[in-house]
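Peer 1: Structure incoming, see below.
The values are calculated or read from the model by the stated rules, or taken from the named source; none is laboratory data. This is a predicted model, so every value here is computed, not measured. So basically every Cβ, Gly included, is an ideal-geometry build from the backbone, and we count neighbours across all protein chains shown.
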């Protein structure tokens, strides 16, 4: 990246960050009820500091927020504990300020253009994550940095382990490191996960046992499994097929197929960035719950398409993920959808499956991918 490009990228990040800062300060001063999820994080941290159960009613939930459960790990609640010292809106503001830097880090290996960073704020996964006060953008940035930016560092893998200890589905990225023959990095990631999770057990033993046995399968998730806002494969099955053995077979069989196909792709794809996106896509497919704000991985995917001058496809993808398809269908009676509504209501999932089929078709005739980060280094050297 030359100096002029670097200056444009950093200027864009600073500008977007300044606008986000102004919005956060305004909403805090106006006492605007933004940050429903950050309010839950804060309440979870408050519960830790005051000896309350994490997975019962959270006493620190503000009156304007729905009474949502804490769904992350006990270790995550410990990480969120400092938030309890902040007012709820300011807690949301702190997380919203992290959006621009997190997107910058996530896009850095994928594109040198500042345009995808600006466009990212029009995407539903991004603006919804900011509005809810979610940590999705921060977690994605940590994974991208670990896999694509810190190769060769003795700390590589630690961030993935910590992220997985906060939210279990990122454990898939430890498998990604193993598939790309980065055994030492995978070992560090696993060690970081074990240490962080063990710390949660040490400090909050009752909550840890509760989480591992029942809380991770809480009723809130079960009730919302078929809701249109959930774009996972299990949600698609729940919306499309009646409960029973057929639905169970479709979930288990397809999940196994997704995992095996992704492992095959990761071993064959010549570009580490595409391989990482394939693994991220698999995590969205196999997770029981993939809310629309979890789909932040579309941002680096669009960045890579833009970098490769596939501008039409990048713009079409961005348009799809602005959220209009999800909002175009009625929610609450998803099994009554006709075919057009089913297409719109499952648009994110269908787009991912289409991209996966395209990758499979392209990869079938290619040799195995180089080990390590050779492909990413080759492209970086040409910039």
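Rundown of residues vs (1) at pLDDT 85 or above; (2) surrounded by 14 or more Cβ atoms within 10 Å (Cβ to Cβ); (3) under 24 Å from residue 288 (Cα atoms), yes/no style:
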{"position": "7", "(1), (2), (3)": "no, no, no"}
{"position": "21", "(1), (2), (3)": "no, yes, no"}
{"position": "66", "(1), (2), (3)": "yes, no, yes"}
{"position": "78", "(1), (2), (3)": "yes, yes, no"}
{"position": "82", "(1), (2), (3)": "yes, no, no"}
{"position": "87", "(1), (2), (3)": "yes, no, no"}
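Peer 1: So, restricting to helices (runs of 4 or more DSSP H) that lie completely within the range 273-345, which ones have at least 3 residues that are under 30 Å from residue 181 (Cα atoms) and at pLDDT below 95?
Peer 2: none
Residue-by-condition table, conditions (1) crowded, with 18+ Cβ neighbours inside 10 Å; (2) modelled with pLDDT of 90 or more; (3) not in a helix (DSSP H, G or I):
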| residue | (1), (2), (3) |
| --- | --- |
| 206 | no, yes, no |
| 209 | no, yes, no |
| 228 | yes, yes, yes |
| 242 | no, no, yes |
| 263 | no, yes, no |
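Peer 1: Residues to consider are 41, 46; find the one that is surrounded by 24 or more Cβ atoms within 10 Å (Cβ to Cβ), over 24 Å from residue 146 (Cα atoms) and modelled with pLDDT of 95 or more.
Peer 2: Of 41, 46, the one residue that is surrounded by 24 or more Cβ atoms within 10 Å (Cβ to Cβ), over 24 Å from residue 146 (Cα atoms) and modelled with pLDDT of 95 or more is 41.
Peer 1: Okay, moving on. Go through 253, 323, 281, 345 for me and flag whichever is more than 17 Å from the chain's Cα centre (by Cα) and under 25 Å from residue 37 (Cα atoms).
Peer 2: Result: 345 is the single residue among 253, 323, 281, 345 that is more than 17 Å from the chain's Cα centre (by Cα) and under 25 Å from residue 37 (Cα atoms).
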